[in-house]
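Have a look at the structure below, then the notes.
Bear in mind these aren't lab numbers, they're just calculated from the coordinates by the rules spelled out. No experiment lies behind these values; they were computed from the predicted model shown. Every residue, glycine among them, receives a Cβ derived from its backbone with ideal geometry; neighbour counts consider all protein chains shown.
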Amino acid sequence: MPPPFPSRGLYAITGDIKDFEALKRQLANVLAGGARVVQLRDKQRRLDAGCAKQLLELCHQHGVPFIVNDDIALAAEIGADGVHLGREDTDPKEARNLLGKEAIIGISCYADLERALEAERQGATYVAFGAFFPSASKPQAKPAPLSLLTVAREALNCPIVAIGGITPGNGGQLIQAGAGLLAVISGLFGRNDPLRASREYARLFPAGAATCLAGPRHSKR
């Protein structure tokens with residue numbers, strides 16, 4: 001059974017992978033700083049299964065779920081906790097059939113509430129909206145309004161992730177609008193001090209705030 005998916009917190013996504021050992025050190029610092037979820041984003045397929053497995057084990061040492069972007073086969077091979085899927089990828093129901101009923105399934109919903117509602121109906125663990133601010137990772141991404149988070153929070157039962165150009169300075173307004181988790185790439189892995197950066201984001205989620213955890217399905221009711 002995977003570590004439970006949190007309803008709140010910092011969602012770290014790995015950046016451009018050039019040096020595996022450097023990435024592993026960065027990830028260790030990001031986890032120590034308070035990341036609650038980690039996603040391996042390896043669009044160029046630079047890492048083999050052995051390296052990906054090391055990252056998974058590092059996350060599990062911190063009790064943090066490790067999710068693979070797009071690659072269901074890799075997720076299954078290394079025993080990852082789940083996958084994150086985009087518009088062109090497998091639907092949530094098929095992904096769960098392939099990875100098992102306990103797998104974490106995340107879905108990119110861009111600025112589309114209807115896509116999020118359908119994803120939840122198909123069994124997605126969580127949904128992600130964005131980009132809320134200009135993003136170097138996806139410069140062509142359609143902007144998503146803050147109001148979408150407020151509407152989504154009322155319409156959905158699953159955790160909501162916000163992504164796109166998020167900094168410690170603007171992340172608070174996303175949380176206030178309705179985001180439960182903030183997904184960050186360059187704000188963590190593009191910084192000289194990822195431990196400090198991770199702590200800066202983690203401070204946006206007060207220790208006394210609600211942090212109930214979710215398994216494959218989450219309900220606020």
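Key figures for this structure:
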{"item": "The stretch 149-169, residues that are over 18 Å from the mean Cα position of the chain (by Cα) and over 18 Å from SER108 (Cβ atoms)", "result": "THR150, GLU154, GLY169"}
{"item": "Any hit, the stretch 135-143, residues being surrounded by 22 or more Cβ atoms within 10 Å (Cβ to Cβ), among the small types (Gly, Ala, Ser) and under 26 Å from ALA73 (Cα atoms)", "result": "no"}
{"item": "Residue count for the stretch 174-210, restricted to those that are of a type in the set (D, E, K, R) and more than 19 Å from ALA28 (Cα to Cα)", "result": "0"}
{"item": "Complete set of residues in the stretch 169-202 that are β-branched (Val, Ile, Thr) and more than 16 Å from SER135 (Cβ to Cβ)", "result": "ILE175"}
{"item": "Test: ARG46 is under 28 Å from ALA197 (Cα atoms) and out of contact with any His (no Cβ under 7 Å at 6 or more places or on another chain)", "result": "yes"}
{"item": "Test for VAL68: is it in a strand (DSSP E or B) and either surrounded by 20 or more Cβ atoms within 10 Å (Cβ to Cβ) or among the hydrophobic types (A, V, I, L, M, F, W, C) (or both)", "result": "yes"}
{"item": "Selection count where residues are of a type outside the set (Ser, Thr, Tyr) and either at positive phi or in a loop (DSSP other than H, G, I, E, B) (or both), scope the stretch 141-199", "result": "23"}
{"item": "Any chance GLY34 is in contact with a strand residue (DSSP E or B) (Cβ under 7 Å, 6 or more places away or on another chain), surrounded by fewer than 24 Cβ atoms within 10 Å (Cβ to Cβ) and on the phi > 0 side of the Ramachandran plot", "result": "yes"}
{"item": "Considering residues of the stretch 7-30 that are among the small types (Gly, Ala, Ser) and under 14 Å from VAL68 (Cα atoms) only, the residue surrounded by the fewest Cβ atoms within 10 Å (Cβ to Cβ)", "result": "GLY15"}
